[in-house]
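The values are calculated or read from the model by the stated rules, or taken from the named source; none is laboratory data. Keep in mind the model is a prediction, meaning the values are calculated, not measured. All Cβ positions, glycine included, derive from the backbone under ideal geometry; neighbour counts span all protein chains shown.
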Amino acid sequence: MSSRIPGFYKLSVEERLKRVAEFAGLDEDDIKAVISHGLPLDVADRMIENVIGTFELPLGIATNFLIDGKDYLIPMAIEEPSVVAAASNAARMARESGGFVTDYTGSMMIGQVQVTKLADPFAAKFEVLRHMDEIIEKANECDPMLVSLGGGCRDVEARVIDTIVGKMLIVHLLVDVRDAMGANAVNTMCEKVAPFIERITGGKVYLRIISNLAAYRLARAKAVFDKDVIGGEEVVEGIMLAYAFAAADPYRCATHNKGIMNGISALMIATGNDFRAVEAGAHSYASMGGYKPLTTYEVDSKGNLVGTIEVPMAVGVIGGATKVNPVAKVSLKILGVKTAEELARVAAALGLAQNFAALRALATEGIQRGHMELHARNLAIMAGAAGEEVDRVVEIMVKDGKIRLDYAKEVLERIRSG
């Protein structure tokens, strides 16, 4: 089935769920998990400490995505209005030129072992590299299952860094974590090799932990946006000017990259992934060499806009909340991904779509129009409107250009008084 579903937003919630169920092959248990406050309290109580309840976010579906020739419906858990609609609209435009194409560098994560109290840190670095094979062997003893699946510790790096308390040796374990996010496996390996590293260096190991700057686990995506589809040469020029602003100014760049993560983080939350780790990795990667956009934009020989993205993507489809939270399991089923690689590719395409949509809005009618129209609905509900009253209040507020809670209450009172 195609992810191109015209008028999806006009359908009722029930009709949308029915279409998604048909697309993804959801069964009755899947549907029940989505609509019945999916995370049971007893499960939540086992996931974290001091549980008193659960907290819900709206779960939406971004449509129209064609990625590497395959159709996707993308689940997104987010509270911000217009994000899901913007991603869907951007995907529709990209679809006209073949959709998104992606690339993935592999599932290699970095584990860090901090070696301190070294009189001769460079000599210690030499010893670490000289004993590399033994370090790798000891690390891989921790997880024979991962090794049997083609993963495990593959390489060792060592760096001497200057700090406020003197030089330190930082040892990196490069670990292929396959379809997991990898934190547990990598941290266990770092713990395992620490005594051996102390013995061969004569130093004292303190921190032994994964790095969320997943610089060897990059996802990339590209899309061509036809100039006539997106609004013409003036829109292309406006997007290029907006991109140039972000590339030159960190204050603007922070919001530029935040817009990218609107999409990626919403997908991470929906699928039970560690969205905080992905956020940290993305912004750290953007800061290497000076804080820069995670996306790039160019104009091709035909005048069309070409967008690309490169972002660290430490994601998993096994372990953690991905297999514990019932809604996360259903989200992965809707998405139809089987590997962490495929999830990373989809996330990169979504991030690019989200960013393009934001830049196009800024370059045309401005970002607030779509935001405020959707915000008006929240205000109408806050004012006490129910059922058809919500639509009537929103229509009047938007028409009058007064998107405020006090005005929503005033409009509702007028409607009810006849």
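Any residue at all in region 321-334 that's touching a strand residue (DSSP E or B) at 6+ places or on another chain (Cβ under 7 Å) and at pLDDT 95 or above?
yes
Among the candidates 198, 233, 279, which residue alone is in the same structural domain as residue 124 (by TED's automatic domain parsing) and of a type in the set (D, E, K, R)? Outline the logic, then answer.
On the way: 233 fails: in the same structural domain as residue 124 (by TED's automatic domain parsing); 279 fails: in the same structural domain as residue 124 (by TED's automatic domain parsing).
None of the others qualify; the one that does is 198.
Pull up region 149-164, narrow it to residues that are aliphatic (A, V, I, L, M) and either under 18 Å from residue 125 (Cβ atoms) or exposed (fewer than 11 other Cβ atoms within 10 Å of the Cβ) (or both), then point me to the one that is farthest from the chain's Cα centre (by Cα).
Step by step, filter region 149-164, then rank; the result is 164.
If residue 369 passes every condition in (1) under 28 Å from residue 29 (Cβ atoms); (2) modelled with pLDDT under 90 but one, which one does it miss?
(1)
Quick check on my filter: what residues within region 109-131 are touching a Gly at 6+ places or on another chain (Cβ under 7 Å) and either over 13 Å from residue 205 (Cα atoms) or free of Cβ contacts under 8 Å to residues at least 12 places away in the same chain (or both)? Give the steps one after another, and end with the answer.
Kept after step one, since they are touching a Gly at 6+ places or on another chain (Cβ under 7 Å), are these residues of region 109-131: 109, 115-118, 124.
Once the filter is applied, which keeps residues that are touching a Gly at 6+ places or on another chain (Cβ under 7 Å) and either over 13 Å from residue 205 (Cα atoms) or free of Cβ contacts under 8 Å to residues at least 12 places away in the same chain (or both), region 109-131 yields only 109.
Residue by residue through region 108-134, note down the ones that are surrounded by 21 or more Cβ atoms within 10 Å (Cβ to Cβ) and either touching a helix residue (DSSP H, G or I) at 6+ places or on another chain (Cβ under 6 Å) or modelled with pLDDT under 95 (or both).
109, 111, 113, 115, 124
Test each condition in (1) touching a helix residue (DSSP H, G or I) at 6+ places or on another chain (Cβ under 8 Å); (2) within 18 Å of residue 322 (Cα to Cα) for residue 32 and report the one that comes out false.
Against the list (1) touching a helix residue (DSSP H, G or I) at 6+ places or on another chain (Cβ under 8 Å); (2) within 18 Å of residue 322 (Cα to Cα), residue 32 comes up short only on (1).
Just wondering, is there one or more residues in region 274-292 that are surrounded by fewer than 19 Cβ atoms within 10 Å (Cβ to Cβ) and of a type in the set (Val, Ile, Thr)?
no
Hey, can you tell me all the residues within region 302-319 that are among the small types (Gly, Ala, Ser), over 22 Å from residue 3 (Cβ atoms) and crowded, with 23+ Cβ neighbours inside 10 Å?
The answer is 314, 316.
Regarding region 66-86, can at least one residue be identified that is touching a residue at least 40 places away in the same chain (Cβ under 8 Å), more than 21 Å from residue 345 (Cβ to Cβ) and of a type in the set (D, E, K, R)?
yes
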